[in-house]
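These notes are about the structure you will find just below.
The values are calculated or read from the model by the stated rules, or taken from the named source; none is laboratory data. On a predicted model such as this, the values are computed, not experimentally measured, just so you know. Virtual Cβ from ideal backbone geometry, glycine too; neighbours counted across all protein chains shown.
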Amino acid sequence: MEKKSFIITEENVGFYAGEIGDWIRKQVLNANRKGVIFGMSGGVDCSVVARLCQLGEVDLHLVLMPYGDDMVRTQSLTHAMELIDKFGMPYHTFDIKPVAEALISNRFASNHTDMELCHANLRPRIRMTYLYQLAQMSHRLVCGTSNLSERTVGYFTKWGDGACDINPIAMLTKHEVYVLAHYLDIPDSIIRKKPSAGLWEGQTDEDELGITYRQIDAFIQKGTSGNNEIDEMIRKRIAWSAHKFAPIPVYQRT
């Protein structure tokens, strides 16, 4: 993973918001694409990316991809629509549940936990497949929305939400995302809610990780969370998820 070379603060947030918006526009122009497309979950990361695209005057299209009524039950739909209505963002909705249920298989599951996790990871892979189909048809880039804190501990699905053409917040800690969220006037309901990947009902990122974003951010910036036990957990997660960043091994005769 690249070394972080900057820190976004309340004092310089305007500069970085403008620079990242310009960066997105240049990526689209250099790729000779019409604009970008990405999934809108109603969370702070994708909301910030959407506003950065607007700041850079990039043509964007958002896709809400619920699994049945999960976005309604968790109020994610309400949050997403609050952002969309406030800033006039184009979008459409695609329910992935019929596709997911058609693909579910328990053939090789050794236990219930493995089975549930596989089913949960299937959803972001379906979402990314749908996004790339739309991107190809509409001549757009698929934009990623995973932040540095998530990427550091491998908290994303390989070939799912980890797949994208560009990612404007890949080197931003979760704290920096929140600094941008306030600057970009993201609705308070989105800023205040607990981060969740929406893998299952009641799921939150920090509960699943057993680590807070504040601790991960401190580890990134200072080399320690301030807690040796947490530091070891982070190091283990980095080691476990190394395959997500490594090039695909290929046979070569030596």
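Among the listed residues T212, T145, T173, identify the single one that is surrounded by fewer than 22 Cβ atoms within 10 Å (Cβ to Cβ) and either under 26 Å from V13 (Cβ atoms) or without any contact (Cβ under 8 Å) to a residue 60 or more places away in the chain (or both).
Details: T145 fails: surrounded by fewer than 22 Cβ atoms within 10 Å (Cβ to Cβ); T173 fails: surrounded by fewer than 22 Cβ atoms within 10 Å (Cβ to Cβ).
Among T212, T145, T173, only T212 is surrounded by fewer than 22 Cβ atoms within 10 Å (Cβ to Cβ) and either under 26 Å from V13 (Cβ atoms) or without any contact (Cβ under 8 Å) to a residue 60 or more places away in the chain (or both).
Given the structure, is T93 of a type in the set (V, I, T) and farther than 25 Å from A17 by Cα? Quick ask: steps written out before the conclusion?
Details: of a type in the set (V, I, T): yes; farther than 25 Å from A17 by Cα: yes.
Considered against the rule, which asks whether it is of a type in the set (V, I, T) and farther than 25 Å from A17 by Cα, T93 comes out as yes.
Could you tell me how many of the residues in region 34-62 are buried (at least 20 other Cβ atoms within 10 Å of the Cβ), in contact (Cβ under 8 Å) with a residue 40 or more places away in the chain and over 20 Å from G162 (Cα atoms)?
1
Regarding region 157-171, can at least one residue be identified that is among the aromatic types (F, W, Y) and at pLDDT 95 or above?
Keep residues of region 157-171 that are among the aromatic types (F, W, Y), which gives 159.
If we keep only those that are at pLDDT 95 or above as well, we get 159.
Checked against the condition, which is being among the aromatic types (F, W, Y) and at pLDDT 95 or above, region 157-171 yields at least one hit.
Taking region 215-239, which residues are surrounded by fewer than 12 Cβ atoms within 10 Å (Cβ to Cβ) and of a type in the set (A, V, I, L, M)?
Matches in region 215-239: A239 only.
Are there any helices (runs of 4 or more DSSP H) wholly within region 149-238 with 1 or more residues that are aromatic (F, W, Y), and if so which? Can you show your working first?
Details: elements: 174-183, 188-192, 205-209, 213-222.
Counting at least 1 such residues, we get 174-183, 213-222.
Report, by residue number, each residue of region 112-167 that is hydroxyl-bearing (S, T, Y) and more than 12 Å from the chain's Cα centre (by Cα).
Within region 112-167, the subset hydroxyl-bearing (S, T, Y) is 113, 129-130, 132, 138, 145-146, 149, 152, 155, 157.
T113, T129, Y130, Y132, S138, T152 - these are the residues of region 112-167 that are hydroxyl-bearing (S, T, Y) and more than 12 Å from the chain's Cα centre (by Cα).
Within region 73-94, how many residues turn out to be farther than 21 Å from I186 by Cβ and either in a helix (DSSP H, G or I) or touching an Asp or Glu at 6+ places or on another chain (Cβ under 9 Å) (or both)?
Of all residues in region 73-94, those farther than 21 Å from I186 by Cβ come to 73, 92, 94.
Right, trim to either in a helix (DSSP H, G or I) or touching an Asp or Glu at 6+ places or on another chain (Cβ under 9 Å) (or both) and you get 73.
Number of matching residues: 1.
If you go through region 132-142 one residue at a time, do you hit one that is under 23 Å from R235 (Cα atoms) and part of a helix (DSSP H, G or I)?
First, pick out the residues of region 132-142 that are under 23 Å from R235 (Cα atoms): none.
So far as region 132-142 goes, no, none of its residues is under 23 Å from R235 (Cα atoms) and part of a helix (DSSP H, G or I).
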